[in-house]
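**Q** Below is one structure. I have some questions about it.
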Amino acid sequence: MKIDIPPLLYKKVVESSLNRWSNKKPGQFGKGLINNDIDPCKAERIGLLGEAALGEVIDRKVDYEYKEGGVPHDFRFNNLKLDIKTAGRNYGCGLIRAMSDKGKLIPLKSDAYIFAFLESENKTNSVACVNLVGWVSKEEVENCSVVPAKIGKHFNFEIPYDKLHPIEELRKFKREDPGKIKE
């Protein structure tokens, strides 16, 4: 599902990406693996573009305010804690950190994970298009392969896009009945 981000919303995302707690985190992973000197808030901007796209679909407001320590999940919806993972391009799978570079397991904090990627972005015209690929439950993530990161020394859950449920089915998923998810 492709969601266009118009100029006014894009500018709000850019402004907010400059003032995120994640900008203060140390280390390569903390600073955002795709951030660089030319685009120091790229990871934050792409993440917020994904949140803006999902917010449009599920009719929820994105929290653009600065929060010391960040937030444990992006949205509450149908009694669920949702987290959206937005990639800078189509990798064919979603990734969620499973283990730190020091071998510490990283617990999953949300009930469902939505995966998206940046379909296109034009910074000059202040527009973007986000592809909301699909979602999985926490339990489904826990059954996915854990693989070494391509950048960094941590490990990720790898969730193939072809295993995701359509975004349209997210409305049917409720935490009190996790066994009703299609195989």
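The values are calculated or read from the model by the stated rules, or taken from the named source; none is laboratory data. Computed from a predicted structure; not experimentally measured. Here the Cβ positions follow ideal geometry from the backbone for every residue, glycine too, while neighbour counts run over all protein chains shown. For the accessible areas, the whole protein counts, side chains as well, though only heavy atoms, and no ligand, DNA or RNA atoms are used. Shrake-Rupley method; radii C 1.70, N 1.55, O 1.52, S 1.80 Å.
**Q** Quick check: net charge around Val130, other residues with Cβ under 10 Å of its Cβ, Lys/Arg +1 and Asp/Glu -1? Please report the intermediate quantities before stating the final value.
**A** Working: positive: Lys2; negative: Asp4, Glu51, Glu56, Glu119, Glu121.
It works out to a net charge of -4.
**Q** When only C-alpha pairs under 8 Å and at least 6 residues apart count, what is the relative contact order of the range 114-178, in percent?
**A** So the answer I get is 27 percent.
**Q** Next question, about the same structure. What order do Asp83, Asp162 take when sorted by accessible area (1.4 Å probe), most exposed first? Kindly include the intermediate steps, with their values, before the conclusion.
**A** On the way: Asp83 25, Asp162 130 Å².
Most to least solvent-accessible, the answer reads Asp162, Asp83.
**Q** Taking loop as defined by DSSP and a crowding limit of 16 other beta carbons within 10 Å, which trypsin sites (Lys or Arg not before Pro) in the range 101-139 fit?
**A** Lys102, Lys104, Lys109, Lys123
**Q** Do the alpha carbons of any pairs in Lys61/Lys138; Lys123/Lys174; Lys81/Lys104; Lys61/Lys109; Lys150/Lys172; Lys102/Lys174 sit beyond 32 Å of each other, and which pairs?
**A** Those over the limit are Lys123/Lys174; Lys150/Lys172; Lys102/Lys174.
**Q** Can I ask one more? Size of the dipole of the range 73-141 about the Cα centre, Lys and Arg at +1 and Asp and Glu at -1 on the beta carbon, nothing else charged, in debye to 20?
**A** In debye, rounded to 20, the range 73-141 gives about 260.
**Q** Moving to a separate point now. Spelling out what I want: for every residue of the range 150-166, take phi, set θ = phi - 60°, compute 6.51 cos²θ - 1.76 cosθ + 1.60 (Karplus), and round to whole Hz; glycine and proline get x.
**A** With coefficients 6.51, -1.76 and 1.60, one gets 6, 10, x, 10, 8, 10, 10, 6, 10, 10, x, 4, 6, 9, 7, 7, x Hz.
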